[in-house]
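The values are calculated or read from the model by the stated rules, or taken from the named source; none is laboratory data. Since this is a predicted model, take the numbers as computed values, not measurements. All Cβ positions, glycine included, derive from the backbone under ideal geometry; neighbour counts span all protein chains shown. Areas reflect the complete protein model, heavy atoms only, side chains present, ligands, DNA and RNA absent. Shrake-Rupley method; radii C 1.70, N 1.55, O 1.52, S 1.80 Å.
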Amino acid sequence: MSLIVFLFSLVALASPLKLELIAENLVIPWGIAFIDSERALITEKTGIFKVVNVKTKKTFPVKNKISVFTSGQGGLLDVALDTDFKKNNKIYFTYAKEIKDDQTTVLASAELIQNPDSSYELKNINDLFFAQPAVDASIHFGSRIVVTASEIWMTVGDRNQRDLAQDLNAHMGKVLKLDKNGKAHPSNPFINQKGAKPEIWSYGHRNPQGLVLIEKTGELWAHEHGPRGGDELNLITKGANYGWPVVSHGREYWGPSIGEGKEKSGIQKSVHIYVPSIAPCGLTYYSSDKIPQLKDSFLIGALKLTHLNQVKLQDGKFLKENRFFEKEELRIRDVETGPDGFIYFTTDSGLFYRVSSI
Ligand SMILES: [Ca+2]
């Protein structure tokens, strides 16, 4: 192969993507949920929602402020629309809440109403579920949610109480499956087990901040932050143990290994592991034809290693990874596929971008 042909084939493998700024001056925009093909509902960590029109690039306020615990990693976190949103205006969201001197991750619902002056407000705000126990720690709240016609999937981090991730009597370090009222889903694996929380679907997670249900296959996938190294992308299965803190591919920040090693029988193996850590946040499974080179792959935001991460599988196994927008140095907080087939992401610097093919 001549050098020119070789160089051309390298370029064709990962052709550049186009980045277009849609909104700015958002305050740590943590979660994105599309209302329709033009409007995205975005959470700000401080407790505020905004609506951004991705066509006109205008931002509209939502008149309520949720009272959230904002220290450390706490705040208003993820948001998702009900599958019947067009009829009931219902949204679900998660946030960190202070209870006495402790904090925990809470799932809530509300109705998002558009006023005649184009402003928005929330009505009937209700807390549906409190992760237990509340502890005094400002990190590892999780939290991402996925809402279907009959289920709410929710992740909760270990709240820096590692052993709780293996404790079935705590919601920390778990993927939960709830009904639409925030109660344990009747199909859950530990629903009849004494001393176990009935809301648990899977356990042994450290701090999962990416969750997606792939429509075509029905598979639920999550990623989670490792300690120093050892971020994981996992296929989430009923009742399974994902290992934290018994096993990890990461290490303590001060050097030593963690737990019993990297793998153990009876503990789920990750489909992909990041060493060093990218600090994954936000997850979408891209199945549109609009950006052919991203079709049928996971797209993950990277906070620490500042890029948009693409993971492609083949027969359920890791095939390849690509990293986009590394030189832009954006801490990517959430990633969604828009109804228009383009990719949208938010950054900790308050920016909201659209990604398309050049
Ligand atoms: Ca693990």
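Exposed loop sites are taken as chymotrypsin sites (Phe, Trp or Tyr not before Pro) in a DSSP loop (any state but H, G, I, E or B) with at most 13 other beta carbon atoms within 10 Å; the longest stretch of the chain without one runs 1-252. Of interest is the spacing of the C-alpha centroids, which for the stretch 265-300 and the stretch 20-47 amounts to 22 Å. Available extension along the chain between residue 101 and residue 57 is 11.8 nm, counting 0.36 nm per residue and deducting the alpha carbon span. A crude spin-label estimate for the pair residue 46 and residue 269, with each label 7 Å from Cα along the Cβ direction, gives 4.7 nm. Of all aspartates and glutamates in the structure, the ones whose alpha carbon falls short of 16 Å from that of residue 290, not counting any fewer than 8 places away in one chain, are 20, 336, 340.
Across the stretch 117-205, the fraction of Cα-Cα pairs farther apart than 21 Å, rounded to a whole number, is 33%. Here the relative contact order of the chain, from alpha carbon pairs under 8 Å that lie six or more residues apart, stands at 14 percent. Computing FRET efficiency as 1/(1 + (r/R0)^6) for residue 315 and residue 340, where r is the C-beta to C-beta distance and R0 is 30 Å, gives about 0.50. Converting phi to 3J(HN,Hα) with the Karplus coefficients 6.51, -1.76 and 1.60 and the offset θ = phi - 60°, the stretch 96-101 yields 8, 10, 8, 10, 6, 9 Hz in sequence order, with x at every glycine or proline.
For the listed residue pairs 45/177; 58/180; 65/194; 18/65; 18/50, the alpha carbons are over 29 angstrom apart in 58/180; 65/194; 18/65. With all protein chains kept in place, the per residue accessible area of the chain amounts to 44 square angstrom at a probe of 1.4 angstrom. Taking the protein heavy atoms of the chain in the context of the full set of protein chains, the accessible area attributed to carbon and sulfur is 51 percent at 1.4 Å. With R₀ set to 30 Å, the beta-carbon distance separating residue 253 from residue 213 gives a calculated FRET efficiency near 0.40.
Using just the C-alpha positions of the chain as equal point scatterers, what log10 of I(q)/I(0) does the Debye formula give at each q in 0.12 1/Å? One equal scatterer on each Cα of the chain leads to -0.84.
Summing Cβ point charges (Lys, Arg +1; Asp, Glu -1) relative to the Cα centre of the chain gives a dipole of roughly 220 debye.
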